[in-house]
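The values are calculated or read from the model by the stated rules, or taken from the named source; none is laboratory data. This one's a predicted model, so the numbers in the text were calculated from it and none came from an experiment. We place every Cβ from the backbone using ideal geometry, glycine too, and count neighbours over all the protein chains shown. Ligands, DNA and RNA are stripped out before the accessible areas are found, and what is left, the full protein with its side chains, is counted by its heavy atoms. Shrake-Rupley method; radii C 1.70, N 1.55, O 1.52, S 1.80 Å.
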Amino acid sequence: MSTNNDYYIPHKATWPVIGTGGLLMMLAGFANYLNGSSAGTAWMGLGLAVFIIMLAGWFTLQAGESESGMYSTQVGISYRMGMMWFIFSEIMFFAVFFGALWYTRNLSVPWLGGEGTKAATKELLWPAFEAVWPTNGPGKVGGNFESMGAWGLPFLNTLILLTSGVSCTWAHHGLLAKNRDQLIKGLAVTVGLGLLFVAFQASEYHEAYTEMGLTLGSGIYGSTFFMLTGFHGFHVCVGAIILSVVLFRSWKGHFQPENHFAFEAAAWYWHFVDVVWLGLFIFVYVI
Amino acid sequence: MSAVVAEHDDHHDHGPAKGLLRWVITTNHKDIGTLYLLFALAMFFVGGAMAMVIRAELFEPGMQFVNPQFFNSMTTMHALVMVFGAVMPAFVGLANWMIPMMIGAPDMALPRMNNMSFWLLVAGVLLLASTLFMEGGAPASGWTLYPPLVLQTGKALPFAIFSVHLLGISSIMGAINIIATIFNMRAPGMTLMKMPMFVWTWLITAFLLIAIMPVFAGAVTMLLTDKFFATSFFDAAGGGDPVLYQHIFWFFGHPEVYVMILPTFGVASTIIPVFARKPLFGYSSMVHATAAIAFLSFIVWAHHMFTVGMPIAGELYFMYATMLIAIPTGVKVFNWTATMWKGSMTFETPMLFSIAFVVLFTMGGFTGLMMSVAPADFQYHDTYFIVAHFHYTLVPASIFILMAAGYFWLPKWTGHMYDERIGKLHFWLSVISVNVLFFPQHFLGLAGMPRRIPDYAVQFADWNMISSIGGFIFGASQLLFLYIVIHTIKGGTGEKVTSEVWEDAAKHSLEWTLPSPPPYHTFTTPPTVIPTEHI
């Protein structure tokens, strides 16, 4: 509940409408590109540039306002609630793809193999199909492929992300103890581990495409594998960018033990990405 | 960009920007609320025009005006425009205007994001509307966008999908803002269980939105990759399943229809006590019933899919779970009736629309209960019975309550009184024609007329013609509302309205303690007295 009457209300915001324009150009351009129009990519690039300028401008503005002490505790709570529920919406987005994986592995693929009341389906449509996982379906969509093992790079990546969670928390302790050196080192290590994760993931993708015959088009296994790990990898990149900005701001001397919402939000986001990976490691790679 | 610390730097606390730019860069909850409401009203007429095309084509058997492809585009676009362009934005507009004033807050919690929510909505609707002019036409698969049919859409497909993404981001931002506002910005003394019902229903709706919009975004993303990037989510040959899409869609879609009805309940619970001159009957049971309906909405989705070929245990589970919803909904209808019981009622236009809502929504609820019975639904599925059902829960429910809200709060927003005579005329024309329009569709459905078909057997001719006549009258009647809105903004009856507008309204809710129209910034200091008459 509101306890003070100096709530900060910004006026005349120009970044939101600029960002909206950027997004609109980017998506309209992408749609045109998918439809085979040659102008599509140019619009996408332009839209992306506008969007990035918007992000830089808007966050610079917010950081400046925060550092000049314009935000009360109450504003900080609003921001924290905003970040919390944003992460919840992201969890729901990943839940869809986990749900699709669950549904195909436990329901639709066994049904195609004749489980339950679907014996006739199998006999009449695809008598030769055996319901095993991984599969690219009765149509062998995408041709032969190998599935991705869990205990090589993916396991290493698990350790990397878990370690990065620890280093992120270590940096937070440094911030709270006003230990600038620990804060910056901890963040740098976290960003570095994040980039290492992305590099390993990229090499895994490269191997999948060039040596294992495993692509996005490898039936339902390829679809779920690449969509889940791909969206996760994208989120790791975004998280690493956010942490880099926080690192830059820490180096500039921003953040106090009692006022560091940006750091907290970045850390929450990073832990969220971490937890999603644990789910991926178990449900996509191990099981 | 400038910024203000309200109260401390009053000389910096300027009003809105000059000229049209004011509306583009505004962060003021009243400005943004107005933008949402006007945009929704415009889309109501765009979507309504599409409905007129549908009813004109169905006026008699045979092909009249449009080809089947365009007819199906019209049913699809009518639904998408009405749901995402009209009803949802109208309620977000009401939330923007009313929630800060009702809880005694100076503005929304995240004003810049509020601006972006609105403009993303416009961008999303622009992308959607652009598909009407594309090679292959607008999407014609129905608003559910089921594969594999929707994958046959022409150039419009990626535009429609990205439109859903933008509308989703817009809704999530709006919902996050509403949650942060309600949890963090209430005036001292405004405890959760003293909040007006409208605020409560929006709080719960906001949680629904954050949970479901990403789900819809995920579903259409899979459509996009299935079409353009060779994935097999909805293709059995690759091990996927088109039914998977239906499960994901309705996991979104069922809570989505409650996104449109819960704020409706909230407005009804706000208006009825004022004109019955009694406190709302069973305030806390209303709160709990709303939460119960929201929870149940997540575990009933497959009742939209009874005929798709689910295991029998699934049919039974979804049947009984769906029936449970009738209990909290019944609590609500009972409470509205009990609120009116022995009240000193008067029947101004907002109250008339609200009473019509209670009666007609209940009818829509009952047909819903009929369809929850899985074996019976095998008969009703995909017929005009379901069309009649959900239009009863949307038009004489959500739309009527939006009209009621307009009449109820227009004097507060503008400081002018609307013309009660024309308001009543609008009501009576609407309430009669809406029943002429939709009631016969029950008969058509029970007799087996399929939905989303531009032509039909001659046995359905009579009721279709009656339904179309009702539709034309209903459509034309809404022009009266447009007239009233413009007329009221421009000065209305000329009568000076008080801050309370309606008798003793200030005892129910804080917005009636403010002048009409309220100043650009309100509650820069929190109010000290919290009204409790509504409880």
Could you please let me know if B:Phe252 is open to solvent by less than 10 Å² (accessible area, probe 1.4 Å) and at pLDDT 95 or above?
yes
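Per-residue answers, yes or no, for (1) within 14 Å of chain B (Cβ to nearest Cβ); (2) under 26 Å from B:Pro214 (Cβ atoms); (3) open to solvent by less than 50 Å² (accessible area, probe 1.4 Å):
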{"site": "A:Leu193", "(1), (2), (3)": "no, no, yes"}
{"site": "A:Val198", "(1), (2), (3)": "no, yes, yes"}
{"site": "A:Val246", "(1), (2), (3)": "no, yes, yes"}
{"site": "A:Asn259", "(1), (2), (3)": "no, no, no"}
{"site": "A:Phe272", "(1), (2), (3)": "yes, yes, yes"}
Name every residue in segment B:165-194 that is surrounded by fewer than 24 Cβ atoms within 10 Å (Cβ to Cβ) and more than 10 Å from chain A (Cβ to nearest Cβ), in order of residue number.
B:Met193, B:Lys194
Give the number of residues within segment B:68-103 that are closer than 30 Å to B:Met185 by Cβ, of a type in the set (S, T, N, Q) and open to solvent by 10 Å² or more (accessible area, probe 1.4 Å).
0
Would you pick out the residues in segment B:500-535 that are free of Cβ contacts under 8 Å to residues at least 60 places away in the same chain, among the charged types (D, E, K, R) and touching a helix residue (DSSP H, G or I) at 6+ places or on another chain (Cβ under 7 Å)?
B:Glu500
Could you list all residues from segment A:117-172 that are of a type in the set (A, V, I, L, M), in a loop (DSSP other than H, G, I, E, B) and closer than 19 Å to A:Leu280 by Cβ?
A:Met148, A:Ala150
Restrict the check to segment B:117-135 and report whether at least one residue is on the phi > 0 side of the Ramachandran plot and either at pLDDT 95 or above or not aromatic (Phe, Trp, Tyr) (or both).
no
Among (1) outside any loop (DSSP other than H, G, I, E, B); (2) buried (at least 19 other Cβ atoms within 10 Å of the Cβ); (3) in contact (Cβ under 8 Å) with a residue 12 or more places away in the chain, there is one condition A:Gly114 misses while meeting the rest; what is its number?
(1)
Out of B:Val308, B:Val300, sole residue that is crowded, with 20+ Cβ neighbours inside 10 Å and among the aliphatic types (A, V, I, L, M):
B:Val300
Looking at this structure, is B:Thr493 open to solvent by 60 Å² or more (accessible area, probe 1.4 Å), in contact (Cβ under 8 Å) with a residue 24 or more places away in the chain and either farther than 18 Å from B:Phe353 by Cα or part of a helix (DSSP H, G or I) (or both)?
yes
What are the residues in segment B:19-41 that are open to solvent by 50 Å² or more (accessible area, probe 1.4 Å) and more than 12 Å from chain A (Cβ to nearest Cβ), if any?
B:Gly19, B:Leu20, B:Leu38
For segment A:166-175, state whether one or more residues are away from chain B (no Cβ under 11 Å), open to solvent by 40 Å² or more (accessible area, probe 1.4 Å) and within 26 Å of A:Met212 (Cβ to Cβ).
no
Just to be sure, is B:Gly142 touching a residue at least 60 places away in the same chain (Cβ under 8 Å), in contact with a helix residue (DSSP H, G or I) (Cβ under 7 Å, 6 or more places away or on another chain) and farther than 26 Å from B:Ala405 by Cβ?
yes
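Residues are listed down the side, and each one gets a yes or a no for (1) more than 9 Å from every other protein chain (Cβ to nearest Cβ); (2) in contact with a strand residue (DSSP E or B) (Cβ under 8 Å, 6 or more places away or on another chain); (3) within 30 Å of B:Glu511 (Cβ to Cβ):
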| position | (1), (2), (3) |
| --- | --- |
| B:Met101 | yes, no, yes |
| B:Ala105 | no, no, yes |
| B:Leu110 | no, no, yes |
| B:Met113 | no, no, yes |
| B:Leu127 | no, no, no |
| B:Thr131 | yes, no, no |
| B:Ala138 | yes, no, no |
| B:Leu149 | yes, no, no |
| B:Thr153 | yes, no, no |
Residues in segment A:200-234 that are away from chain B (no Cβ under 13 Å) and either surrounded by fewer than 18 Cβ atoms within 10 Å (Cβ to Cβ) or not polar (S, T, N, Q) (or both): how many?
14
Residue that is modelled with pLDDT of 95 or more and over 23 Å from the mean Cα position of the chain (by Cα), where the choices are B:Leu21, B:Leu58, B:Leu38
B:Leu58
Using the structure shown, decide if A:Tyr7 is closer than 30 Å to B:Pro527 by Cβ and crowded, with 18+ Cβ neighbours inside 10 Å.
yes
Could you list, in sequence order, all residues of segment B:198-212 that are facing chain A (nearest Cβ under 7 Å) and without any contact (Cβ under 8 Å) to a residue 60 or more places away in the chain?
B:Ile210
Single condition B:Gly218 does not satisfy, out of (1) more than 24 Å from the chain's Cα centre (by Cα); (2) open to solvent by less than 10 Å² (accessible area, probe 1.4 Å); (3) over 30 Å from B:Thr522 (Cβ atoms):
(1)
Those residues of segment B:266-279 which are within 23 Å of the chain's Cα centre (by Cα) and open to solvent by 10 Å² or more (accessible area, probe 1.4 Å), in sequence order
B:Thr270
Being more than 7 Å from every other protein chain (Cβ to nearest Cβ) and over 29 Å from A:Ser250 (Cβ atoms) is the requirement here; does A:Trp102 meet it?
yes
One residue is enough: does segment B:299-309 have a residue meeting the conditions at positive phi and more than 14 Å from chain A (Cβ to nearest Cβ)?
no
Which of the numbered conditions does B:Phe65 fail, given that it passes all the others? Conditions: (1) more than 14 Å from every other protein chain (Cβ to nearest Cβ); (2) buried (at least 18 other Cβ atoms within 10 Å of the Cβ); (3) without any contact (Cβ under 8 Å) to a residue 40 or more places away in the chain.
(2)
Within segment A:67-91, the residues that are open to solvent by less than 30 Å² (accessible area, probe 1.4 Å), at the interface with chain B (Cβ under 9 Å from one of its Cβ atoms) and in a helix (DSSP H, G or I) are A:Gln74, A:Val75, A:Ser78, A:Gly82, A:Ser89, A:Glu90
Those residues of segment B:226-240 which are open to solvent by 10 Å² or more (accessible area, probe 1.4 Å) and assigned to a helix (DSSP H, G or I) amount to B:Asp226, B:Lys227, B:Phe228, B:Ala236, B:Ala237
